[in-house]
1. Rounded to the nearest 0.05, what FRET efficiency is calculated for residue 191 and residue 66 with R0 set to 45 Å and r the Cβ-Cβ distance?
2. Sorted from largest down, what three extents in whole angstroms do the Cα atoms of segment 254-329 have along their principal axes?
3. Regarding segment 158-242, what's the average projected area of the Cα-atom convex hull, expressed in nm²?
4. Need the full-extension length gain, residue 290 to residue 257, defined as separation in residues times 0.36 nm minus the C-alpha distance. One decimal, nm.
5. Connecting C-alpha atoms closer than 10 Å in a GNM of the chain, tell me which of 47, 262, 193 has the biggest fluctuation.
6. Any idea which of 99, 72, 263 is furthest toward the positive side of the dipole for the chain, if Lys and Arg beta-carbons carry +1 and Asp and Glu beta-carbons -1?
7. Relative contact order, percent, of the chain when contacts are C-alpha pairs under 8 Å separated by at least 6 residues?
8. Which residue, 68, 249, 188, tops the fluctuation ranking in a GNM of the chain built on C-alpha contacts under 10 Å?
Amino acid sequence: MQEKYTTNSEKRYSHFSHEEREIIMLRLQNNISKRKIAREINRNPTSIIREINRNHDRRNGEYRALLAQKKAETRKKNASCRERLKTHSLQEKVEKGLHEGWSPEQIAGRMKLKKEKHTTNHESIYLWIYNDRPDLTEYLVYSGKKRRKRAGKNRKRVQRIPNRTPIEERPEAAHSRQESGHWEADTAVSRQSKTALSIMTERKHKLTFISKLTGKTAFEMKRALTKRLGRLPRRLRRTITYDNGLENALHEETNKILNTKSYFCNPYHSWEKGTVENTIGLIRQYLPKKTDFNLIDKKEIYDIEYALNNRPRKCLGYLTPLESLKRDVALHH
């Protein structure tokens with residue numbers, strides 16, 4: 001904006017008006033000095049010189065009010081459409097993060113956590129994607145998807161599992177996420193085959209294990225849980241929270257092997273184990289619905305698991321689950 005003088009010598013700033021530009025044009029045509037023009041319209045002489053230099057006709061050097069006004073309006077309009085991610089390296093980092101399955105919020109948060117030289121915010125990333133790189137929208141979580149309607153009244157009868165302990169009795173340390181070792185377990189199924197995935201997510205650090213099941217059965221679920229969680233130290237396996245699916249019927253045998261306690265969501269309240277539900281949503285970025293899990297090999301499952309455990313999370317202060325767990329282990333030694 002241009003500097004404008006007041007009678008009490010206090011400075012404030014405002015754009016030149018079309019009327020002021022008309023006066024400048026007429027006075028220049030009559031060979032009036034720029035200093036005298038500045039005094040007449042109460043402007044700083046430097047502002048007059050800057051206005052003429054920026055908005056004169058490049059072809060003949062003349063200053064014309066109408067052309068100057070159009071140039072100023074165009075410059076103002078273009079200023080609001082500036083490129084959101086200004087450096088090429090910043091754009092490359094954002095694109096790399098999106099290809100790795102990170103959200104714009106995770107990308108921006110990770111940059112700030114690492115105290116990188118050039119940072120941005122998630123809103124700028126979204127604007128850059130939608131305005132300049134629409135080809136990257138496919139990498140946004142839930143891009144183009146509609147929310148599903150909640151189930152109606154015609155629901156299936158609850159499958160009973162012996163000796164279930166309701167989630168309300170789960171320890172406060174598990175609810176508040178103040179203690180490590182509290183897990184949530186669920187399965188992801190494939191419509192193309194009987195093969196399923198077992199997903200285990202730790203509530204505090206969001207550490208995730210994924211195992212391939214030959215079928216969604218209680219035996220396969222027990223085998224996957226005991227194999228993966230059994231490798232952890234005792235303090236990292238305290239409780240497991242399930243839904244009411246029959247694949248969780250052998251929870252008591254699992255508890256005996258792992259020395260854990262099991263808790264169950266209320267019927268039709270799978271959101272009560274939201275940590276693992278959210279994790280399944282992230283896995284669907286890599287394995288969308290209608291994927292035949294029977295065709296997915298162990299290496300691909302390991303790669304997805306590795307990506308999730310090395311993905312910065314906002315709830316962890318943009319640390320990754322593995323970084324969060326290592327920090328916790330270090331504090332308790």
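Please treat every number below as a calculation from the coordinates, not as lab data. Treat the numbers as computed from the prediction; the structure is a model and nothing was measured. With ideal geometry, Cβ positions are generated from the backbone for all residues, glycine too; neighbour counts draw on all protein chains shown.
1. Details: r = 67 Å, r/R0 = 1.48.
So the FRET efficiency works out to roughly 0.10.
2. 34, 33, 27
3. Working: hull surface 25.3 nm².
Orientation-averaged projected area of the Cα hull: 6.3 nm².
4. Values: separation 33, 0.36 × 33 = 11.88 nm, distance 3.43 nm.
Extra length from residue 290 to residue 257 when fully extended: 8.5 nm.
5. Among 47, 262, 193, the largest mean-square fluctuation in the Gaussian network model of the chain belongs to 47.
6. My answer, from the dipole projection, is 72.
7. Values: 444 pairs, mean separation 45.8, N = 333.
This gives 14 percent for the chain.
8. 68
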